[in-house]
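The values are calculated or read from the model by the stated rules, or taken from the named source; none is laboratory data. Bear in mind the structure is a predicted one, so any value in this text is a computation, not a measurement. In this analysis, Cβ positions are derived from the backbone assuming ideal geometry, glycine residues included, and neighbour counts consider all displayed protein chains. Surface areas here come from the heavy atoms of the whole protein model, side chains and all, with no ligands, DNA or RNA. Shrake-Rupley method; radii C 1.70, N 1.55, O 1.52, S 1.80 Å.
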Amino acid sequence: KLRLFDTFTGIAEKSHPLDHHNIGDMDYTDTAALKELFSSEEDLKKVDVSLEVGIIPASFDTHQQREIAFVHIDLDQHDSVLECLKFVWPRMSEGGVVVFDDYGAPTCKGAREAIDAYCDSNSLNLLSGIAGQAYLFKKNPVVSVGYAE
């Protein structure tokens, strides 16, 4: 099951001093094209998809009891990211993954501050990628190293 949460009208709020984007920025999502994509591509037809239109976290209200396996957060603004994390992290399944799209983006400093603060206050280890993304794993991945003798 794939649930896509978005305002589909662009940035909904600007309330933190580090937020770069203005209300209404990034309002270019075409929901009709998105729906067409999931109804026309053969592999995507097999996916149970719903578009959840609204402001986060209010649009999560009907999903309070759901367990979450994967989240891709691309909200760009401090408060939106923080509220999203407060909702999704306690509901993440063991082995679940959270991807932060713009963790390293210079225009998303508010979002990065929210992520860092949440991780610090919950003793979570964030993995930062070289392409600007960052990752949280519900269970830290175990890496085994073998040596040839």
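Every test in (1) modelled with pLDDT of 90 or more; (2) open to solvent by 20 Å² or more (accessible area, probe 1.4 Å) is passed by Gly96 save one, and that test is (2).
This table checks each residue for (1) among the aromatic types (Phe, Trp, Tyr); (2) modelled with pLDDT under 80; (3) surrounded by 15 or more Cβ atoms within 10 Å (Cβ to Cβ).
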| position | (1), (2), (3) |
| --- | --- |
| Ala33 | no, yes, no |
| Phe60 | yes, no, yes |
| Glu67 | no, no, no |
| His78 | no, no, yes |
| Val88 | no, no, yes |
| Leu126 | no, no, yes |
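I'm trying to understand the selection: among the residues of the range 103-118, which are assigned to a loop (DSSP other than H, G, I, E, B) and surrounded by fewer than 20 Cβ atoms within 10 Å (Cβ to Cβ)?
So in the range 103-118, the residues assigned to a loop (DSSP other than H, G, I, E, B) come out as 103-108.
Of everything in the range 103-118, those that are assigned to a loop (DSSP other than H, G, I, E, B) and surrounded by fewer than 20 Cβ atoms within 10 Å (Cβ to Cβ) turn out to be Gly104, Ala105, Pro106, Thr107.
Mind checking which residues of the range 88-102 are within 11 Å of the chain's Cα centre (by Cα) and outside any strand (DSSP E or B)? Hits for the range 88-102 are Val88, Trp89, Asp101, Asp102. Restricting attention to the range 35-58, the residues that are open to solvent by 70 Å² or more (accessible area, probe 1.4 Å) and either on the phi > 0 side of the Ramachandran plot or β-branched (Val, Ile, Thr) (or both) add up to 2. Scanning the range 101-124 for residues that are aromatic (Phe, Trp, Tyr) and at pLDDT below 95 yields a single hit, Tyr103.
For the range 51-76, the set of residues classified as in contact with a Cys (Cβ under 8 Å, 6 or more places away or on another chain) and assigned to a loop (DSSP other than H, G, I, E, B) consists of Ile56, Pro57, Leu75, Asp76, listed by residue number.
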